[in-house]
Amino acid sequence: MTRSARLTGATAERYVPAHRLVAFRPRRSRYCLAVFVINEGQRLLAQLERTVPYGHDVDIVIADGGSTDGSTAEANLLPRGVRALLVKEGPGRLGAQMLMAFDFALREGYAGVIAMDGNNKDDPEAIPRFLAALDSGCAHVQGSRYMPGGREANTPFARKWGVRLLHAPLIRL
């Protein structure tokens, strides 16, 4: 489905990539957990298993970039509490998946969105802390592996040093 909707009070239209929506159940929470995936296989399923305990606090929405590995099959998502699956059908990568997910959250009336990769590297234990920050009025909360208490898992050496030596200093400039 392709959507172009006028934002309330805005003068520009919003572009949303072509995608298919599979809704498994109605909205039950104020907040949405958007999980971004493409061919994550068992990593996605393991992450969703770790997310199940928080399914009463957030509605889990998968934004799939076009997986072909079967991990986003309904039989895999339903028992893990997923509310909806968005499957990108047009061009684009992660940015397109994010546009789909945020558009969905806006249309469904969610008060906030938590974004998470579906590669089983992000820790769902942080979800209650994100929700508490959103409930306290924060408009944007971002986790970081580089903050005190943060940790990283399986970050390739070249990426780690690329972030520290190139990306972070350039952003600061």
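What residue, of Ala111, Ala139, is open to solvent by 70 Å² or more (accessible area, probe 1.4 Å), closer than 27 Å to Arg14 by Cβ and of a type in the set (A, V, I, L, M)?
None of the others qualify; the one that does is Ala139.
Residue by residue through the stretch 142-165, note down the ones that are of a type in the set (Gly, Ala, Ser), surrounded by 11 or more Cβ atoms within 10 Å (Cβ to Cβ) and either modelled with pLDDT of 90 or more or out of contact with any Ser or Thr (no Cβ under 9 Å at 6 or more places or on another chain) (or both).
Listed by number, the residues that qualify are Gly143, Gly162.
Could you list all residues from the stretch 114-136 that are over 19 Å from Ile62 (Cβ atoms) and open to solvent by 40 Å² or more (accessible area, probe 1.4 Å)?
Those that are over 19 Å from Ile62 (Cβ atoms) and open to solvent by 40 Å² or more (accessible area, probe 1.4 Å): Glu125, Pro128, Arg129, Ala132, Asp135, Ser136.
Which count do you get for residues in the stretch 100-134 that are of a type in the set (A, V, I, L, M), touching a residue at least 40 places away in the same chain (Cβ under 8 Å) and assigned to a helix (DSSP H, G or I)?
Adding up the residues that qualify gives 6.
Looking only at the stretch 1-56, which residues are under 18 Å from Leu85 (Cβ atoms), open to solvent by 40 Å² or more (accessible area, probe 1.4 Å), modelled with pLDDT under 95 and of a type in the set (A, V, I, L, M)?
Met1, Val52, listed by residue number.
Spot the failing condition for Arg83; the list is (1) open to solvent by 50 Å² or more (accessible area, probe 1.4 Å); (2) part of a strand (DSSP E or B); (3) basic (Lys, Arg), and only one is missed.
With respect to (1) open to solvent by 50 Å² or more (accessible area, probe 1.4 Å); (2) part of a strand (DSSP E or B); (3) basic (Lys, Arg), Arg83 is out only on (1).
With respect to the numbered conditions (1) open to solvent by 10 Å² or more (accessible area, probe 1.4 Å); (2) assigned to a strand (DSSP E or B); (3) modelled with pLDDT of 95 or more; (4) not basic (Lys, Arg), which one is the sole condition not fulfilled by Ala75?
Checking Ala75 against (1) open to solvent by 10 Å² or more (accessible area, probe 1.4 Å); (2) assigned to a strand (DSSP E or B); (3) modelled with pLDDT of 95 or more; (4) not basic (Lys, Arg), the one that fails is (2).
Does any residue in the stretch 84-99 that is under 11 Å from Ala34 (Cβ atoms) come within less than 9 Å, Cβ to Cβ, of a residue that is in a helix (DSSP H, G or I) and small (Gly, Ala, Ser) six or more places away or on a different chain, and which pairs are these?
Short answer, once both residue conditions are applied: Leu86/Ala101.
The values are calculated or read from the model by the stated rules, or taken from the named source; none is laboratory data. Keep in mind it's a predicted model, so treat the numbers as computed, not measured. Please note: Cβ atoms are built from the backbone with ideal geometry, for glycine as well, and neighbour counts cover all protein chains shown. When the accessible area is computed, the model is the full protein with side chains, heavy atoms only, and any ligands, DNA or RNA have been set aside. Shrake-Rupley method; radii C 1.70, N 1.55, O 1.52, S 1.80 Å.
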